[in-house]
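K.L.:
I'd like to ask some things about the structure below.
Every read-out reported here was derived from the displayed coordinates using simple, explicitly stated rules and does not represent laboratory data. What you see is a predicted model, and the numbers here were worked out from it, not measured in a lab. So basically every Cβ, Gly included, is an ideal-geometry build from the backbone, and we count neighbours across all protein chains shown.
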Amino acid sequence: MKRLSCLVVFMVVICGLAAVEPAASATATNITGTWEVTIYYQPDDSDYRATYVLKQEGEKITGTYHGMYGPADVTGSIKSNDVALSVTVKGSTAHFSGKVTSATEMSGTVTGTSDKTRKWSALKKK
C-alpha cells in the first residue's frame, strides 16, 4: 500500500509539473528604432516608401512617420510578434497589421491608404 501511495504522489507531482507552462514573453522582439516602410501599389510599380521612427515600451508603440505630408504621430501595439500601427495624414488613417518576422523585418497588410487592402513590409535601419 505504501508503494501505491508513493506512486500516486509521484504521478500527481509529474502531472502538476506538466500542467505548468513557462511564462511566455509578452514581446519576442523590441521594434524600437528607425524603419523603412514600403506599401506595395503594384502592378504599376508606384510603391510608396516612408520612414517610421518607433519607440516600444512594453506592448505600447509610439513614434513618428516621416513621408509625404508628414511628419505625423504613429501609435500602436505589439503582442508576441503581432504588430498593429496607425498613422493619420491629411485626414486619412492608415491601419497596419502584421508580424515581426525577425529583429530587422516585419510585414503585413494596410488599410486606409486607398480603396484596397495593400501589402506592406519594413526593414529596420537602426
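K.L.:
So, restricting to strands (runs of 3 or more DSSP E) that lie completely within region 60-126, which ones have at least 3 residues that are free of Cβ contacts under 8 Å to residues at least 12 places away in the same chain and of a type outside the set (Gly, Ala, Ser)?
P.N.:
Strands (runs of 3 or more DSSP E) meeting the threshold: none at all.
K.L.:
Pull up region 29-58, narrow it to residues that are among the aliphatic types (A, V, I, L, M) and in a strand (DSSP E or B), then point me to the one that is nearest to Thr101 (Cα to Cα).
P.N.:
So, considering only residues that are among the aliphatic types (A, V, I, L, M) and in a strand (DSSP E or B), the one nearest to Thr101 (Cα to Cα) is Val37.
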